[in-house]
Amino acid sequence: MAQKNIPYKIYLEESEMPKVWYNLRADMKEQHAPMLNPATGEPMQLEQLYPIFCEELAAQELDTTTRYIDIPEEIQNFYKMYRPSPLVRAYCLEKALGTPAKIYYKFEGTNTSGSHKLNSAAAQIYYAKKQGITSVTTETGAGQWGTALAMACVFFGMDLQVFMVKSSSEQKPYRKAVMETYGANVTPSPSETTEVGKKILAENPGTGGSLGCAISEAIEVAVHTDNCRYVLGSVLDHVLLHQSIIGLETKIALDKYEIYPDVVIGCAGGGSNLGGLIGPYMKDRLDGKNAPYFIAVEPASCPSLTRGRYAYDFGDTGNITPLLKMYTLGAGFMPSPNHAGGLRFHGMSPVLSKLYHDGYIDEARSVEQSKVFDAATMFARTEGTLPAPESAHAIWAAIEEAKKCKETGEEKTILFGLTGTGYFDLSAYQSYNAGTMSDYIPTDEDLQKGFDSLPKIPGVQ
Ligand SMILES: *Cc1c(COP(=O)(O)O)cnc(C)c1O
């Protein structure tokens, strides 16, 4: 074999780490439709974004032309504490599957927050601090985003208030403990601390809360607090930009061994890890070169790409955010409970939505959670790492592809994103191990209720 010996882990030297982020939009032939002001139906101008995002992030959000954006040195230094993340050759999984495929995964779970979300949290808090913002608010469901943000906030010196969906904070008390250890103020949502929280509690005493409700509380506090901003961990273009570090590192590492993937797979919640991972390879496709086959994987319980509409919608249940053109199940869609909290968002990144709509992302698949946990368990037992349920969606598809290779004898190179670890998801593993896990798949009628909540915008839709 001509190929060099490939180690189990391909690491980069600090000096080889990317110093720029890659802005995929600079190479897109057509841009996604602009973010709209819901009050006027007109595209949001830069200054109109300033009350929502700090200025640098607002500029990144609207930047469609700068291909490479410098990563400020302070953020590079923060990244050096936990990056480069390992790129692993899944020799043991390959062996267990008996496949001729070569499987690689980029593992983002080595930091304490346990996921890739820290890559954007660090960037967002750095820019906010630089502008003199003194506190930020956010919501968290599964807890990964809140934890990542708590780590970034304590590092850069920023106060943080996290509204954590009450049912999650009860299911995952240790998440709250970690956030508090990093100095965050964690409030189970709905709470008595906001007007919207009081209203929801009065109407639904004893409710376990929802992400939409937590977002509404976080925004209310941000709007009523001086020098405070609300921050979001996925979906937006600037979040995808920061996550491009994942794909850039991967490409540098694989290029060292002259490896080029045939298939690239990622789980898709709001789309940030997938957008980040595929970035440099998607560039090849946009440039008209040979490129991998791209697969997005989502839960059957929250199937925005596979069963959603491509339409303008709000990012939140409270209908406060600007309108985004994206694949969506409707901001009013209430996903049934599943264990991949990070994938329970009704919409999808506008960049990924556009790429998928125009055929640049080859395929989206949805999968039931019992199959996801079959894959997660196989992965844990062979590769040793306990995956996050979200990440296990990508594992599932990688295994499917590797099995096909076994049938055809093709030696494809499969790359997938392992976005995080499953240490805080043990109640989900418990339920899987006990055989009590069930699969929820929304009916067409369930989905119709969500579509009925789509906003009607005169002259647009
Ligand atoms: C949040 C999260 C996801 C999904 O978010 P994207 O923005 O789609 O990447 C996936 N995996 C983990 C571990 C997460 O925490």
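The values are calculated or read from the model by the stated rules, or taken from the named source; none is laboratory data. Fair warning: this is a prediction, and the values are worked out from it, not measured in the lab. Cβ sites come from the backbone with ideal geometry, for glycine too, and all protein chains shown count toward neighbours. Surface areas here come from the heavy atoms of the whole protein model, side chains and all, with no ligands, DNA or RNA. Shrake-Rupley method; radii C 1.70, N 1.55, O 1.52, S 1.80 Å.
Helix-only mean residue ellipticity at 222 nm, the chain, DSSP H runs n ≥ 4 weighted -39,500 (n - 2.57), per residue, nearest 500. What is it? The per-residue figure over the chain is -12500 deg cm²/dmol.
Taking every eigenvalue of the Cα gyration tensor of the chain, multiplying by 5 and rooting it, what semi-axes result, largest first, whole Å? Write down the numbers at each step before the final one.
Values: eigenvalues 206, 122, 104 Å².
After scaling each eigenvalue by five and taking roots: 32, 25, 23 Å.
For the residue pairs Lys256/Lys403; Lys117/Lys354; Lys9/Lys403; Lys251/Lys283, the alpha carbons lie more than 20 Å apart in Lys256/Lys403; Lys117/Lys354; Lys9/Lys403.
Only beta bridges with both residues in the chain are counted; by DSSP, about 35 percent of them are antiparallel. Using the Cβ-Cβ distance between Asp362 and Thr112 with R0 set to 30 Å, the FRET efficiency from 1/(1 + (r/R0)^6) comes to roughly 0.30. Relative protection proxy for 19-31, 319-331, from highest mean packing down: 319-331, 19-31 (other beta-carbon atoms within 10 angstrom). Rolling a 1.4 Å probe over the protein heavy atoms gives the stretch 119-168 an accessible area of 23 Å² per residue. Between 0 and 90 degrees, the angle of helix 272-286 with respect to the longest Cα principal axis of the chain falls at about 60 degrees.
Other residues with beta-carbon under 15 Å from the beta-carbon of Met437 carry, at +1 per Lys or Arg and -1 per Asp or Glu, a net charge of -3. Full extension of the chain segment joining Thr66 with Tyr423 gains 124.7 nm, where the gain is 0.36 nm per residue of separation less the Cα-Cα distance. Taken over the Cα atoms of the stretch 1-133, the convex hull encloses 194 Å³ per residue. Of the accessible area of the stretch 99-214, computed with a 1.4 Å probe over protein heavy atoms only, carbon and sulfur atoms account for 52 percent. Spin-label model, Lys130 to Cys92: label points 7 Å out along the Cα-to-beta-carbon direction sit 4.1 nm apart. As a fraction of the 1.4 Å probe accessible area of the stretch 1-65, surface on carbon and sulfur atoms comes out at 52 percent. Taking a ≥ b ≥ c as the square roots of the eigenvalues of the Cα gyration tensor, an a/c ratio of 1.5 or more together with a/b larger than b/c marks the stretch 350-396 as prolate. Solvent-accessible surface of the stretch 411-461, taken per residue with a 1.4 Å probe and all protein chains present: 56 Å².
In the full protein context, the stretch 338-398 carries 28 Å² of accessible surface per residue, based on a 1.4 Å probe and ignoring ligands, DNA and RNA.
Calculate how many DSSP beta bridges within the stretch 34-171 are antiparallel, expressed in % of all such bridges and rounded to the nearest 5.
Taking every DSSP beta bridge within the stretch 34-171, about 40 percent pair in antiparallel fashion.
Neighbours of Thr225 by Cβ distance under 13 Å: Lys/Arg scored +1, Asp/Glu scored -1, total -3. Summarising the strand pairing of the stretch 237-358, around 60 percent of its internal DSSP beta bridges are antiparallel.
At q = 0.10, 0.16, 0.23, 0.24 Å⁻¹ the log10 of I(q)/I(0) for the stretch 264-371 amounts to -0.27, -0.67, -1.24, -1.31, computed by Debye summation with a single uniform scatterer per C-alpha, solvent ignored.
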